[in-house]
1. When the accessible area of the stretch 71-168 is computed with all protein chains present and a 1.4 Å probe, what percentage of it is carbon and sulfur?
2. Counting other Cβ atoms within 10 Å of each Cβ, which GluC sites (Glu not before Pro) in the stretch 78-168 have at most 13 and sit in a DSSP loop?
3. Remind me, relative contact order of the stretch 64-168 in percent, using alpha carbon pairs under 8 angstrom and six or more residues apart?
4. Can you figure out the FRET efficiency of L91 with S167, using R₀ = 22 Å and their beta-carbon distance, to the nearest 0.05?
5. Ignoring ligands, DNA and RNA, what accessible area per residue does the stretch 96-168 give at 1.4 Å, in Å²?
6. Please provide three numbers in whole Å: the alpha-carbon extents of the stretch 85-167 along the principal axes, with the largest listed first.
Amino acid sequence: MRWDSLFADLQAQWEAELRADDDAEIRDLAEAEAAGTRFADRLRARRGAPLSVRLADGSDRVGMVSDVAHEWVLLAEGERRHLVPVSAIALAWPLGGAAPAPGPIERGLGLGHVLRGLAGEGQDVVVSTRGGDYAGLLVRVGADHVDVAAATGILTIPWPALLSVSSR
């Protein structure tokens, strides 16, 4: 009888040690996955779901996530659209896990590509910058800046100052 008890105790200890090893391995894998997750991946996981972002100037943009690339997110707020550079986001909520890795087209769609597409549409937009908001047309997109035809003339906005481009 004592041997049965001893072996049962040894078996229980062995199983507990295996569970602890499994738990530690799962924690390590989860930490490694989290360490490799990019902010844009978590934004992309919200595609089709509501998202709020607070921009660097403290203003908020809210809408359904329509599209996401590594440099920008497009939010739909009713008929209005907000193109927000990821670099302009101070915080976002709610975010969950990450979406699968983006495809090659999605990886190649930088901020310049999207801004050139908007400029080609010729639609009135509101460009929010760290220096204020300006209504007008996107007329030229450079490698790191955009020109906006506003009531005061052609304004050149470097991308680091760009907070969002919204439809009117």
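1. Working: 2880 of 5020 Å².
Solvent-exposed carbon and sulfur of the stretch 71-168 make up 57 percent of the total.
2. Working: sites: E79, E106, E121; in loops: E79.
Those that pass, being in a loop and sparsely packed, are E79.
3. Numbers: 182 pairs, mean separation 27.3, N = 105.
With pairs under 8 Å counted, the relative contact order is 26 percent.
4. 0.40
5. Details: 3830 Å² over 73 residues.
So the stretch 96-168 comes to 53 Å² accessible per residue, rounded to a whole number.
6. 44, 26, 21
The values are calculated or read from the model by the stated rules, or taken from the named source; none is laboratory data. Note that the coordinates shown come from a computational prediction; the quantities given were computed from them, not determined experimentally. Glycine also receives a Cβ, built like all others from the backbone with ideal geometry; neighbour counts cover every protein chain displayed. Note: areas computed on protein heavy atoms with side chains; ligands, DNA, RNA excluded. Shrake-Rupley method; radii C 1.70, N 1.55, O 1.52, S 1.80 Å.
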